[in-house]
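The values are calculated or read from the model by the stated rules, or taken from the named source; none is laboratory data. Treat the numbers as computed from the prediction; the structure is a model and nothing was measured. All Cβ positions, even for glycine, are placed from backbone atoms using ideal geometry, and neighbour counts span all protein chains on display. In case anyone asks, the SASA skips ligands and DNA or RNA and just uses the protein heavy atoms, side chains included. Shrake-Rupley method; radii C 1.70, N 1.55, O 1.52, S 1.80 Å.
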Amino acid sequence: MPPPSHGPQKPMTADQVEEWLQAIDGKRLELTLHAMEPLYNTRRELAVIEMSHLLQEAIEEVRVVSAALREQSQALRDRSSAVRAYSQHLEKQSKRHQEKPSITECTEPAQNLEDRVSQFKMQLRRALAECQQVQERQEADRQRGAAASTPETFKHSA
């Protein structure tokens, strides 16, 4: 059973998961039968050795997936902090705009006010676009994490 690849993988369907579970269960039953053979039997020794190898591979796969998930989690936390800081910046800017005198009291030309509103709208659009990008990255990371942790590789050893 090779270690999971880190490239993009398609999400597994429910049928694929069910097939994998059946394959693993079949392999487990086969090894259990061999392990229950009389003592000092070559098939029993081979079954125990193979079980040991399967366990070692499963532990390695869990370690790799765990490390990848930790890295993704840290990256998401970092990105979330950056988005939070930008959001706070926009909130402060919004409060400053709200604290300015009302339009009727304002002496500046209407065009200048329209320019500021336009700039504010652009900043809000950028913030929304960044939030969408974060959400898309999180979804892609979740899918990559799910794909990396999929048990498809176990199926080939059955």
Result of the Cβ filter at 8 Å on the stretch 91-117, keeping first residues that are farther than 25 Å from Ala127 by Cβ and partners that are outside any helix (DSSP H, G or I) and at pLDDT below 80, at least 6 apart or interchain, is Cys106/Lys100
Identify all residues within the stretch 50-76 that are open to solvent by 70 Å² or more (accessible area, probe 1.4 Å) and in contact (Cβ under 8 Å) with a residue 24 or more places away in the chain; write none if there are none. Glu60, Leu69
Criterion: modelled with pLDDT under 75, of a type in the set (A, V, I, L, M, F, W, C) and either surrounded by 14 or more Cβ atoms within 10 Å (Cβ to Cβ) or in contact with a Ser or Thr (Cβ under 7 Å, 6 or more places away or on another chain) (or both) - qualifying residue of Ala47, Ala35: Ala35
Residues satisfying the stated conditions in the stretch 111-126, i.e. within 30 Å of Gln72 (Cβ to Cβ) and either modelled with pLDDT of 85 or more or open to solvent by 100 Å² or more (accessible area, probe 1.4 Å) (or both): Gln123, Arg125, Arg126
So, in the stretch 96-110, of the ones that are assigned to a helix (DSSP H, G or I) and surrounded by fewer than 10 Cβ atoms within 10 Å (Cβ to Cβ), which residue ends up modelled with the highest pLDDT? Arg96
